[in-house]
Amino acid sequence: MTISQKSLFRANRALIENLEPIPKALLGFEQQWIDRSISESMTEQQPSSLNELRRMLEALVEEDKAEEPPTSRYVAEEMSLDEFKILVQEFALDGLTEAQVFYHLMPRLSLEAQLPMLRMMIDEFGSGNLKRSHTSLYKVLLEELGMPTDLESNIQANAEAGCSFPNMFCWLTMRADDPSYFAGVITYFETVVPFFFGCYTTLCERLGIKAHTYYSEHVHIDVFHALEGQRLLKAMDNDRKLDYKKAWQGICMGRLITNNAFDQAVYKAQASKVTEGAAHA
């Protein structure tokens with residue numbers, strides 16, 4: 001068995017779908033990766049209250065708003081259709097299984113804390129309308145691009161970073177020792193998506209992508225999900241179940257893994273363009 005993010009993703013799916021235990025070697029690989037990501041992203045300052053955690057999160061979000069990554073700018077302004085196909089495929093493992101692992105977290109939360117999560121999940125699953133579920137919207141995007149919509153084809157095509165993003169959520173919901181990590185990550189993620197996904201909506205308009213709803217829906221709805229994330233933090237704090245330091249570690253770790261997955265996907269897309277150019281030289 002190869003020890004890799006791809007192997008870990010397959011093992012996570014086998015656990016979810018067939019209750020097959022994850023091999024110890026992969027669990028060890030996962031924990032080393034998580035520990036390393038926390039260590040590499042950790043700040044010297046640590047929050048000691050909910051108010052302090054919120055202030056630090058707000059400052060981090062403002063920093064992200066002020067500094068648009070070159071990869072994001074490239075997607076918005078220069079990425080070609082063929083490159084976009086690669087970018088879409090690199091996040092297909094998440095898009096095709098979106099929010100499904102959140103169910104595993106729910107029993108670990110108090111009833112008060114479950115409610116903001118439930119409201120987010122209702123939107124993720126299209127308010128019970130299959131066609132509006134985020135996974136269905138991603139499939140429509142893949143179909144317009146002429147790409148496979150089955151999970152196996154996308155697993156085979158994905159690079160390591162593309163597998164790491166959904167693997168992070170599997171760890172957060174199923175194996176992290178404290179839901180505080182997840183609460184931090186989801187609040188950060190839902191807060192930055194409305195402006196971060198702007199590069200996708202700009203690209204879709206520039207290239208005439210009709211199935212842009214997956215992205216435009218997130219730009220709209222995640223404004224409200226960010227508020228639910230704050231309610232989740234507050235509910236956990238009310239129950240004295242929120243570990244401020246672990247929530248902050250989750251934020252920083254999630255930011256690192258997400259940004260790396262996006263950057264690597266863009267680099268992979270750019271490399272394909274270089275390779276194609278060399279082939280025609």
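The values are calculated or read from the model by the stated rules, or taken from the named source; none is laboratory data. Remember, it's a predicted structure, so these values are computed and weren't measured experimentally. Cβ atoms come from the backbone with ideal geometry, glycine included; neighbour counts cover every protein chain shown.
Things to note:
- Number of residues in region 2-14 that are in contact (Cβ under 8 Å) with a residue 60 or more places away in the chain and more than 13 Å from Ser164 (Cβ to Cβ) equals 2.
- The condition of being within 28 Å of Leu19 (Cα to Cα) and touching an Asp or Glu at 6+ places or on another chain (Cβ under 7 Å) holds for only one of Pro107, Pro179, Pro166, that being Pro166.
For every residue, the table says whether it meets (1) of a type in the set (Val, Ile, Thr); (2) surrounded by fewer than 17 Cβ atoms within 10 Å (Cβ to Cβ).
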residue	(1), (2)
Ile186	yes, no
Phe196	no, no
Tyr215	no, no
Met236	no, no
Asp239	no, yes
Lys246	no, no
Gly250	no, no
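- Candidates Arg55, Arg73, filtered to the one that is assigned to a helix (DSSP H, G or I), touching a residue at least 24 places away in the same chain (Cβ under 8 Å) and loosely packed, with under 15 Cβ neighbours inside 10 Å: Arg73
- Candidates Met79, Met120, Met106, filtered to the one that is more than 20 Å from Arg255 (Cβ to Cβ), surrounded by 20 or more Cβ atoms within 10 Å (Cβ to Cβ) and either among the hydrophobic types (A, V, I, L, M, F, W, C) or modelled with pLDDT under 95 (or both): Met79
One line per residue, one yes/no per condition, for (1) aromatic (Phe, Trp, Tyr); (2) assigned to a helix (DSSP H, G or I); (3) in contact with a strand residue (DSSP E or B) (Cβ under 6 Å, 6 or more places away or on another chain); (4) within 26 Å of Leu26 (Cα to Cα):
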position	(1), (2), (3), (4)
Ser164	no, yes, no, yes
Thr173	no, yes, no, yes
Leu203	no, yes, no, no
Lys210	no, no, no, no
His218	no, yes, no, no
Leu227	no, yes, no, no
Leu232	no, yes, no, no
Ala247	no, yes, no, yes
Gly250	no, yes, no, yes
